[in-house]
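Input: a single structure, listed below in structure tokens.
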Amino acid sequence: MKTVKLKTSQNSYEIFVGAGLLLQTGDLMREAGISGTKAVIVTDTTIDNFHGETVRASLESAGFQVMTVTIPPGEEQKSINTAVMLYEKLTGFYAERSTPLVALGGGVIGDLTGFAAATYMRGVPLVQVPTTLLAQGDSSIGGKTGVNHGNLKNRIGVFYHPKLTVSDVAVLKTLTERELSNGLSEIIKHGVILDAGLFRYLEKNMETIRQCDDTTLEYIVARSAAIKAGVVGQDEYDLGMRNILNCGHTIGHAIESVSGLTVWHGEAVAIGLSTEAKLAHELGILSSKDMGRLRKLLLAAGLPCDIPELDPERLFEAMKHDKKNTDGRIRFALPCSIGASFLTDEINPELIKKVLVM
Ligand code: NAD
Ligand code: ZN
């Protein structure tokens with residue numbers, strides 16, 4: 001097992017990464033100081049079928065009286081209506097301020113449950129038990145919680161950190177191949193922007209990773225979590241340095257939204273990474289060798305690199321409305337080599353349009 005520590009303004013807590021950790025969830029919660037008698041697991045029906053019972057049994061053997069709330073899978077569930085349903089379930093269970101909410105799932109469950117935990121009774125303990133690679137390596141870390149409002153992603157939310165995070169890499173074996181690849185994108189991004197060593201490790205071990213080997217998964221999840229924790233520790237509220245995590249996302253978000261979410265987040269980020277690398281290359285900042293290494297790694301991870309049949313004008317319009325922009329200038333986090341990157345909002349719009357059709 002590997003442990004990553006994260007210090008925030010709200011608390012300091014640990015992220016545990018290892019194979020078979022679901023069985024220890026209850027004990028790890030007790031060790032982290034969660035003392036209540038009740039606990040609520042929030043999950044979706046798919047995850048519940050695979051892993052719900054293991055977590056429930058672990059919590060019960062640690063002395064918790066458990067209620068499980070299951071919702072259907074899907075992004076549509078990340079809504080204020082589902083949060084209200086959760087509040088009602090919590091009231092019916094006589095949940096107290098000490099009653100932890102255990103988010104057992106991917107980013108949808110993590111964001112929704114985190115939001116409910118932050119707001120119910122002005123905050124009850126949160127435990128993140130991420131079950132997708134995207135959630136383990138990225139979304140469960142950093143305290144961003146929230147729900148969508150109509151078509152507006154993550155429009156309502158709050159920064160709220162868990163008391164602990166339990167990332168059991170063995171649960172990734174029940175993901176589909178597409179889901180696993182989807183999660184690899186953000187991990188590759190962490191390597192590109194900040195850690196050449198992680199990038200090399202991914203280059204060397206991609207085949208083993210895609211076979212869901214526990215040891216390699218443990219390494220990349222823990223490393224990815226540590227990189228994100230390091231950035232979040234320096235800019236918890238996303239006011240500066242944290243923007244570097246947006247590498248691949250300026251173009252990626254546009255692709256996600258113009259495609260009507262048929263291109264998944266991780267896939268859109270992969271296309272974004274590869275296209276933003278072209279932009280950095282056009283600017284003379286990134287070598288063609290490094291641009292090639294990135295493309296090769298993304299393809300080896302089973303991810304797309306080329307922009308699908310989408311209107312470049314609409315993509316450019318979507319980028320102009322990205323919430324990271326200031327004064328209408330499109331902001332990018334661009335790689336300058338493998339393991340190093342910088343922020344800029346001074347790219348010539350014509351050059352952006354050029355790489356969108358390259
Ligand atoms: P997801 O939560 O929708 O999960 C994907 C699918 O995988 C679901 O159908 C789920 O039922 C299934 N699943 C989950 N774990 C499984 C397992 N172990 N075995 C089998 N099936 C399993 O998708 P996601 O990619 O994890 O998360 C996407 C969400 O994360 C988006 O809402 C996005 O906005 C959010 N996000 C949040 C942050 C953040 O910082 N908070 C960062 C990135 C993304
Ligand atoms: Zn992302």
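Between L261 and S61, the distance separating the two model label sites (each 7 Å from Cα on the Cα→Cβ line) works out to 3.8 nm.
Given the C-alpha centroids of segment 269-283 and segment 5-60, what is the distance between them in whole angstrom? After rounding, the separation between the Cα centres reads 38 Å. Near K78: Cβ cut-off under 13 Å, other residues only, Lys/Arg at +1 and Asp/Glu at -1. The net charge is -1. Expressed as a fraction of 2.2 N^0.38 Å, the C-alpha radius of gyration for segment 144-264 is 1.14. Across the cross-link table entries K228/K296; K153/K324; K7/K144; K289/K354; K144/K324, which are compared at the Cα atoms, the separations over 18 Å belong to K228/K296; K289/K354. Extents of segment 184-226, taken as max minus min of Cα coordinates on every principal axis and listed largest first, are 25, 18, 16 Å. Directionally averaged projected area (the chain, Cα convex hull): 16.0 nm².
Please compute the alpha carbon radius of gyration of segment 70-219, then divide it by the globular-protein estimate 2.2 N^0.38 Å. Two decimals is fine.
Values: Rg = 16.5 Å, N = 150, 2.2 N^0.38 = 14.8 Å.
It is 1.11.
So for segment 204-358, what are the equivalent ellipsoid semi-axes in whole Å, largest first, each being the square root of 5 times an eigenvalue of the Cα gyration tensor?
Numbers: eigenvalues 124, 73, 49 Å².
Equivalent-ellipsoid dimensions as semi-axes: 25, 19, 16 Å.
Give me the net charge for the shell around L303: Cβ to Cβ below 15 angstrom, other residues only, Lys and Arg +1, Asp and Glu -1. Present the calculation step by step, with values, prior to reporting the outcome.
On the way: positive: R178, K189, R210, R293, R295, K296; negative: D138, E177, E179, E186, E203, E207, E256, E267, E276, D306.
In short, -4.
At 1.4 Å probe radius, can you tell me the per residue accessible area of the chain in Å²? Can you show the working numbers first?
Numbers: 14730 Å² over 358 residues.
Heavy-atom accessible area per residue stands at 41 Å².
Scaled against 2.2 N^0.38 Å for its residue count N, the alpha carbon radius of gyration of segment 9-104 is 1.10. Our analysis of segment 43-89 gives Rg over Rh at 1.03, with the two radii drawn from alpha carbon positions and Rh computed by the Kirkwood formula.
Give me the percent of accessible area attributable to carbon and sulfur for the chain, probe 1.4 angstrom. For the chain, the apolar C and S fraction of the accessible surface comes to 51 percent. Membrane-span-like helices in the chain, defined here as complete DSSP H runs extending at least 15 Å along the helix axis by their C-alpha atoms with mean Kyte-Doolittle hydropathy no lower than -1.0, are 80-92, 107-119, 177-194, 196-210, 214-234, 265-282, 288-300; this is a sequence and geometry rule, not a statement about a membrane. Here the Debye sum runs over all C-alpha atoms of segment 290-354 as equal scatterers in vacuum, and log10 of I(q)/I(0) at q = 0.17, 0.28 Å⁻¹ comes out as -0.81, -1.17.
The values are calculated or read from the model by the stated rules, or taken from the named source; none is laboratory data. Quantities reported herein were computed from a predicted structural model and do not represent experimental measurements. Note that each Cβ is placed from the backbone with ideal geometry, even for glycine, and that neighbours are counted across all protein chains shown. The protein model used for the area step is the full one, side chains on, heavy atoms only, and it has no ligands, DNA or RNA in it. Shrake-Rupley method; radii C 1.70, N 1.55, O 1.52, S 1.80 Å.
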